[in-house]
1. May I ask you to list the residues in the stretch 176-198 that are touching a strand residue (DSSP E or B) at 6+ places or on another chain (Cβ under 8 Å) and either within 26 Å of residue 133 (Cα to Cα) or of a type outside the set (A, V, I, L, M, F, W, C) (or both)?
2. For the stretch 323-345, enumerate the residues that are β-branched (Val, Ile, Thr), part of a strand (DSSP E or B) and more than 12 Å from residue 275 (Cα to Cα).
3. Do we have any residue at all in the stretch 210-222 that's β-branched (Val, Ile, Thr) and in contact (Cβ under 8 Å) with a residue 12 or more places away in the chain?
4. Would the stretch 167-180 turn up any residue that is open to solvent by 90 Å² or more (accessible area, probe 1.4 Å), free of Cβ contacts under 8 Å to residues at least 60 places away in the same chain and more than 29 Å from residue 215 (Cβ to Cβ)?
5. Which ones in the stretch 272-308 are in contact with an Asp or Glu (Cβ under 7 Å, 6 or more places away or on another chain) and under 22 Å from residue 227 (Cα atoms)?
6. Please verify whether residue 348 is assigned to a helix (DSSP H, G or I) and more than 13 Å from residue 286 (Cα to Cα), treating the condition exactly as stated.
7. Using beta carbons and a limit of 8 Å, which pairs, at least six apart or on different chains, have the first residue in the stretch 118-140 and touching a residue at least 24 places away in the same chain (Cβ under 8 Å) and the second one open to solvent by 40 Å² or more (accessible area, probe 1.4 Å) and of a type in the set (Phe, Trp, Tyr)?
8. State whether the residues of the stretch 142-157 include one that is open to solvent by less than 40 Å² (accessible area, probe 1.4 Å), under 25 Å from residue 34 (Cβ atoms) and either at pLDDT 90 or above or among the small types (Gly, Ala, Ser) (or both).
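The values are calculated or read from the model by the stated rules, or taken from the named source; none is laboratory data. Since the structure is predicted, the reported quantities are computational estimates derived from the model, not experimental observations. Neighbour counts are summed over all protein chains in view; Cβ atoms, including those assigned to glycine, are modelled from backbone coordinates with ideal geometry. Heads up: the accessible areas ignore ligands, DNA and RNA and are worked out on the full protein's heavy atoms, side chains in. Shrake-Rupley method; radii C 1.70, N 1.55, O 1.52, S 1.80 Å.
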Amino acid sequence: MSELSFEQMLEESLKTIRNGEVVQGTVIDVKDDEIILNIGYKADGIITKNEYSNDQSIVLQDVVHVGDSMEAKVLKVNDGEGQVVLTYKRLAAEKGNRRLEEAFENQEVLKAPVTQVLDGGLCVVVDEARVFIPASLVSDTYEKDLSKYADQEIEFLITEFNPKRRRIIGNRKQLLLAEKAEKQKELMARIAPGDRIDGVVKNVTDFGAFIDLGGADGLLHISEMSWGRVENPKKVFKVGDQVKVLIKEINGDKIALSLKFPEENPWLTAAEKFAVGNVIKGRVARMTDFGAFVELAPGVDALLHVSQISREHVDKPSDVLSIGQEIEAKVVDFNGEEKKISLSMKALENAKPAVEAEEAASQEEASEETSEE
């Protein structure tokens, strides 16, 4: 029996490997573009930078060191130069896919950094496995610009898993909606009509403002923004404003808000300020064919009938008055229950001759007393 040569014995002592096999090795060198492993085979294993990670900005010497133990997958037993070509990232991606599959089946919440921001959504990577989150599933509200999510760590669910078609879909919106529903439930349990609560203006429209109450949005309608008249909500509020609002009504998940606090109701002091006989000043707020409505205070309007504008005939109020004009008039009727006040400018015109006569008589008496002296 012939004796085996040293080379033959050494070769027989080394293991055999196949393409696709997972091998364990020890790092013996790290270069700028490749990692060299001793895998217990007659040839060393090579992991190029491209086969280590999809992130080409990494520096291999910073993440891998001589003596490290690594697991890799065989791509080619012989690359033509006697070296074994290995991949680290593909093995990691396979493990990542198994991790994602488990998360998909168990509806587990995952957390990972955003690696790419695309026009159509975000990309995140879990153990080298890529997950795509479409723009429509990034948030519970429409977001035109997704750039703010770059490099951010976000939470999401896997709602579609099909690695064969390279379709692994993440969903952040579902988590946000669930969180919002829980906050809304908590909010609804602690608020009631009549409560006062702090909020933040979330959106302003022509008909009102939506206020974030910390769990749900409430609508502050234009008619509830002031005891007075508000022409345009956008001139009163802007997004981000902090406001204290009154819970006016709760109907299901809809919350109606108000800034018309009861103690500030101008009609509480109207009877004294605008008693019959008082001469007051006001601003013409609007006009009809039968008269003009005069704002005496925010939330308190009075009617100046066309017949009470002047002693002379007035066909219609707009012939002698204009919107925004300040006028002086006498209160001729006050009805607090129906919140109705009637004014008369004509009454002041009737009083002028009498006043003037009284003043003239007083001056004449004073003159006579002076001449007697």
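1. Answer for the stretch 176-198, where residues must be touching a strand residue (DSSP E or B) at 6+ places or on another chain (Cβ under 8 Å) and either within 26 Å of residue 133 (Cα to Cα) or of a type outside the set (A, V, I, L, M, F, W, C) (or both): 193, 194, 195, 196, 198.
2. 327
3. yes
4. The answer is yes; a qualifying residue exists.
5. Hits for the stretch 272-308 are 281, 282, 283, 285, 293, 294, 295, 301.
6. Against the criterion (assigned to a helix (DSSP H, G or I) and more than 13 Å from residue 286 (Cα to Cα)), residue 348 qualifies.
7. What qualifies is 121/132; 122/132.
8. No, every residue in the stretch 142-157 fails to be open to solvent by less than 40 Å² (accessible area, probe 1.4 Å), under 25 Å from residue 34 (Cβ atoms) and either at pLDDT 90 or above or among the small types (Gly, Ala, Ser) (or both).
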